[in-house]
Amino acid sequence: MVEPLLDRIALIGIGLIGSSLARVVRRENLARHIAISTRSAKTLERAEELGLGNSYTTDPAAAVADADLVVVSVPVGSSGAVAEEIAPALKRGAILTDVGSTKSSVIAQMAPHVPEGVHFIPGHPLAGTEKSGPDAGFAELFENRWCIFTPLADTDPQALEKLSEFWRRCGSNIDTMDAEHHDRTLAIVSHLPHIIAYNIVGTADDLETVTKSEVIKYSASGFRDFTRLAASDPTMWRDVCLHNREAILEMLARFSEDLASLQRAIRWGEGDKLFELFTRTRAIRRSIIEAGQDIDAPDFGRQAVEHPKS
Ligand code: NAP
C-alpha cells in the first residue's frame, strides 16, 4: 500500500463536502489520522456514528493542533470566524485550505488571521449536490471534477503541489486562477443558475392561477429540473449571494438584458432568432458531455448518477 500523504488532516465542518473528504481520505489512505470538528454536538455525534474520522471535537483549535493539512468546509460567511479561532493552534509548515464557493471574500476574511509559516491556499472543489450534512457525503463526489485553487502572490509552490496532489488523489483535476476571475466565472456557471432556479420555483409557488398540486403533478415538463437546484442549502446560498455580490449583480444585469431580448423576439414572432439561440445552446450541452462533465442519458442522467454510500 502507498504511504499516506499526510500524518494528520483536520476537517473543520463535516457536512456534504467535509464528510465526502473524510470518506475519500479513508478510502485512499491519504492520512494516518483524520481529526473532525464541527460546530454542533449533534452533527459531531452523527459523524462519529458514521465512523468518519479518528478523533472528534467541537473545538476546532484542538482539531488543528499538529495537523499537516487543515480543510475548512463551512458556509463562506463563517470562514473568518473559524480562521480566527484556529489560527493560534495551527502548526508551523501546515497547509490551510478551504472549499468555499466564493474566493475573494474568503481570502479577505481568512488571510488576516493566518500566522507566519502557515501556507494558506484557498480552494474550491466544483462538486456538490443539493443535499447537506454528514449523511449526504460520498467518497466519489470529487471524481473527475475540477478543484480550483486561487493562490496568493506569496504562495509556496511546494505547498501548492502537495495540496494539488492531495486533491488529485481525491479524484479531482486541478486548475489555478486568481480569486476575482474565479468569482466571475462561478457567478455565471453556478451562482446565476441557482438564483434563477430559486426565482422560478418561488414564482411558481406564488402563482395563484395554477394550483400548487398542478405544479407538482406536471413538474416533469421542465419545472422539476429547477427544483433540484432550488432545494440547495439556504445558509450556503444566502452566504454565496452576500459574498459574491458584485460578480452576481453583473451577471444578473447581463442575464436580464438577454431575457428582455428573448421576450421581444417572442412578442414579435421572431422565430429565426429563437431557433438560432436554441441551436447555439444545444451545442453547449454537447460540449459538456464531451468534456466528461455529464453523461448523455435521458432525464438528465438522473437514474444513472445515483451514488452509492461509502
Ligand atoms: P453543509 O453540508 O451544510 O455543512 C456545513 C458544515 O459547516 C457543518 O459541519 C456545520 O456544522 C458547519 N457550520 C455551519 N455554520 C457554521 C458556523 N457559523 N460556524 C462554524 N461552522 C459552521 O455544507 P457543505 O455543502 O458541505 O458546504 C460547505 C462549504 O463548501 C461551503 O462554503 C460551500 O460554499 C462549499 N461548497 C459547497 C458545495 C455544495 O454543492 N454543497 C460545492 C462546493 C463547495 P453543524 O452542522 O455542526 O452546525
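The values are calculated or read from the model by the stated rules, or taken from the named source; none is laboratory data. Small disclaimer: the values here were computed from a predicted structure and weren't measured. Don't worry about glycine lacking a Cβ; one is built from the backbone with ideal geometry, like all the others, and counts go over all protein chains shown.
What the table below lists for this structure:
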quantity: Long-range neighbours under 6 Å by Cβ, at least six apart or interchain, first residue within 13 Å of residue 233 (Cβ to Cβ) within the range 74-87, second of a type in the set (A, V, I, L, M, F, W, C) and buried (at least 19 other Cβ atoms within 10 Å of the Cβ); calculated: 74/82; 75/236; 76/106
quantity: All positions within the range 27-45 that are more than 16 Å from residue 74 (Cβ to Cβ) and in contact (Cβ under 8 Å) with a residue 24 or more places away in the chain; calculated: 27, 28, 29, 30, 31, 32, 33, 34
quantity: Failed item in (1) touching a residue at least 40 places away in the same chain (Cβ under 8 Å); (2) within 15 Å of the chain's Cα centre (by Cα), with residue 180 passing the rest; calculated: (2)
quantity: Hey, residue 93 closer than 28 Å to residue 108 by Cβ and in contact (Cβ under 8 Å) with a residue 24 or more places away in the chain or not; calculated: yes
quantity: Leading residue by the ranking (nearest to residue 70 (Cα to Cα)) among those in the range 84-110 that are within 13 Å of the ligand (Cβ to nearest atom) and in a loop (DSSP other than H, G, I, E, B); calculated: 99
quantity: Identity of the residue in the range 257-280, assigned to a helix (DSSP H, G or I) and charged (D, E, K, R), that ends up nearest to the ligand (Cβ to nearest atom); calculated: 258
quantity: Pair list, Cβ under 7 Å, 6 or more apart: the range 98-120 residue modelled with pLDDT under 95, other residue within 13 Å of the ligand (Cβ to nearest atom) and of a type in the set (A, V, I, L, M); calculated: none
quantity: Any chance residue 254 is more than 16 Å from the ligand (Cβ to nearest atom), surrounded by 15 or more Cβ atoms within 10 Å (Cβ to Cβ), among the charged types (D, E, K, R) and on the phi < 0 side of the Ramachandran plot; calculated: no
quantity: Failed condition for residue 8, given (1) under 21 Å from residue 141 (Cα atoms); (2) crowded, with 17+ Cβ neighbours inside 10 Å; (3) more than 8 Å from the ligand (Cβ to nearest atom); calculated: (1)
quantity: Verdict on residue 197 being within 14 Å of the ligand (Cβ to nearest atom), under 30 Å from residue 73 (Cα atoms) and surrounded by 13 or more Cβ atoms within 10 Å (Cβ to Cβ); calculated: yes
